[in-house]
Number of protein chains: 2
Amino acid sequence: MKEIVMADRAGFCFGVKRAVDAIVDALESRSSAKEGEVWSIGMPIHNPQEVARLEAMGLKIARNADEVPNGARVFIRAHGEPRAVMEGLRGRGETIADMTCPHVRRAQERAGEFSSRGYDIVLLGDARHPEIQAIMGYVDGPVDVVANVAEAENLPKRPRVALISQTTQQEELLAGIASALVPKAGELCVCNTICKATVERQDAVRRLAGRVDGVVLVGGRESANTAKLRDIAKANGMDVLWIESAEEMEWGWFEGKMKIGIAAGASTPQWLITEVCNKIART
Amino acid sequence: MKEIVMADRAGFCFGVKRAVDAIVDALESRSSAKEGEVWSIGMPIHNPQEVARLEAMGLKIARNADEVPNGARVFIRAHGEPRAVMEGLRGRGETIADMTCPHVRRAQERAGEFSSRGYDIVLLGDARHPEIQAIMGYVDGPVDVVANVAEAENLPKRPRVALISQTTQQEELLAGIASALVPKAGELCVCNTICKATVERQDAVRRLAGRVDGVVLVGGRESANTAKLRDIAKANGMDVLWIESAEEMEWGWFEGKMKIGIAAGASTPQWLITEVCNKIART
């Protein structure tokens, strides 16, 4: 029988739990499925299994704001939406449940404030990620998105630069980007908008090093913060099996491993983690 | 005969030249030595030979503002003075010639602005250096002075921090300190107040590497920026002879060296550099 060592921080962060709980509440409190449709713009979280559960309860998912029917109740996911999308929805008089994570909201506000004060904005993150897309929507004027130090080193020299981070980035990388931008800015303001929950989950993975024979990482393939946990586990010399659900378990991977660490991204629901633990414990 | 390779930037920077020229003008334009005494608070620049020349012309040097006699003309050196000293002199109605270097003035202004906006101030530099002492005099509230990354890492975590540099520091060190402070500040504003003249003299020393058999560095023992040039030359594998004047030349050092690089700090007057070059050329 395998021994399971849980990372001491794993699964839903505050912002994701808040958004999912609100959607579940809205779906459960309807007197009928017809009355009061509940919509989300885009996947409410980067976890297909949890999204499937919400859809089974009646959640409708629009690809964009235009697909949301008039009069529907619209949930804004934890990643947030660009300012123009929010204003468009308000203009149409939709009932908006804004579940933008407060940490993401802070990054949006900083981007808006510094850009209105004449700073050039540099975002650390993945340019295609909805959180970065939403933050970009609060910047008036040009904005650069960098994913690594080399990209930051290619930026031009400017008088005033504000560096703002996607909430799921690593602090070490933000520090490295800041260091690369110091010679490129007369004044550089670094907003450490990295979420504590992300850092805590990252530290918890680091603490598994040396204590386990391998780490099973539970999380959606699209989840940026889960990908970071994989990188950190590997960088700390751990063998990683990244799965979305218990069904994906590769039993060959477990051969010769007795102590199994379990880690999970901030968008992984507890029920998925529990299923994985139970399945391993039964082997 | 030795071959001399001059660093392509050496000697007086704009701020020092401006201050020294103004003192010389004031001394030369007096109709008599009695009429209109010319005072400096502290050594006007960190170069004893140049200071001796100015004293021979009639400059009086006070240890502090209280030593300046009433009615005298007071020169504020390029390093600047704390706000309280400036206000004290103005209150006494002295004729002040403020030769604070514009780059230092900018650092003082940034320190004052950010501290009045509620930021905790961190200064990169030497806590005993008059420039840092002057900048500290523009901060309302606590201020930390750090000289290296280890000292920055020991600072507590705070919501808003402004990092301001002594103008003669190295950009790489400012970048390293910024990197160390990112995890310690919700918002970190880095003011790159490092003077271009300093960076240019540093780059000029780097460019001597591989082209000379050794570097003669001309500059005052108290000159912080000259000490930096020594560090950079050594870090780039060059043998360095640091002298204040041609009299200090150690001829043993030159044995076996044919190509001699010449570098000089921002407070080294041209006449001293010329004397050194002439003496080497005559060997």
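Computed from the coordinates by the stated procedures, all read-outs in this text should not be read as laboratory data. This is a predicted model, so every value here is computed, not measured. Don't worry about glycine lacking a Cβ; one is built from the backbone with ideal geometry, like all the others, and counts go over all protein chains shown.
The table for this structure:
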| item | result |
| --- | --- |
| Share of alpha-carbon pairs per 10 Å distance bin for chain B, given as whole % | 7, 27, 29, 23, 12, 2, 0 |
| Proxy reagent accessibility, fewest Cβ within 10 Å first, across B:THR193, A:THR167 | B:THR193, A:THR167 |
| Axial C-alpha extent at least 20 Å, average Kyte-Doolittle at least 0.0 - helices from chain A (DSSP) | A:14-28 |
| Gap separating the Cα centres of region B:159-176 and region B:81-147, nearest whole Å | 15 |
| Principal axis dimensions, largest first and in whole angstrom, of the protein assembly as shown by Cα | 102, 57, 35 |
| Residue-by-residue Karplus 3J(HN,Hα) for region A:144-149, coefficients 6.51, -1.76, 1.60, Hz, glycine and proline x | 10, 10, 10, 10, 7, 5 |
| Proximal aspartates and glutamates relative to B:LYS234, as straight alpha-carbon distance under 19 Å, when same-chain residues fewer than 8 apart are discounted | B:ASP8, B:GLU171, B:GLU172, B:GLU200, B:ASP203, B:ASP213, B:GLU222, B:GLU244, B:GLU250, B:GLU255 |
| Projected area, mean over directions - region A:103-194, Cα convex hull, nm² | 4.8 |
| Computed label-point distance, nm, for sites B:SER116 and B:ALA84 using a 7 Å Cα→Cβ extension | 1.9 |
| Listed residues B:GLY15, B:GLY176, B:GLY58, most fluctuating in chain B (Gaussian network, C-alpha, under 10 Å) | B:GLY176 |
| Built amide H within the under 5 Å cut-off of A:ALA97, gap 5+ | A:VAL74, A:PHE75, A:ILE76 |
| Ascending count of other beta-carbon atoms within 10 Å, so fewest first, for B:ASP239, A:ASP25, B:ASP120 | A:ASP25, B:ASP239, B:ASP120 |
| P(r) tail fraction, region A:14-101 - alpha-carbon pairs more than 20 Å apart, % | 26 |
| Order of B:ILE232, A:ILE135 - criterion: other Cβ atoms within 10 Å of each residue's Cβ, fewest first | B:ILE232, A:ILE135 |
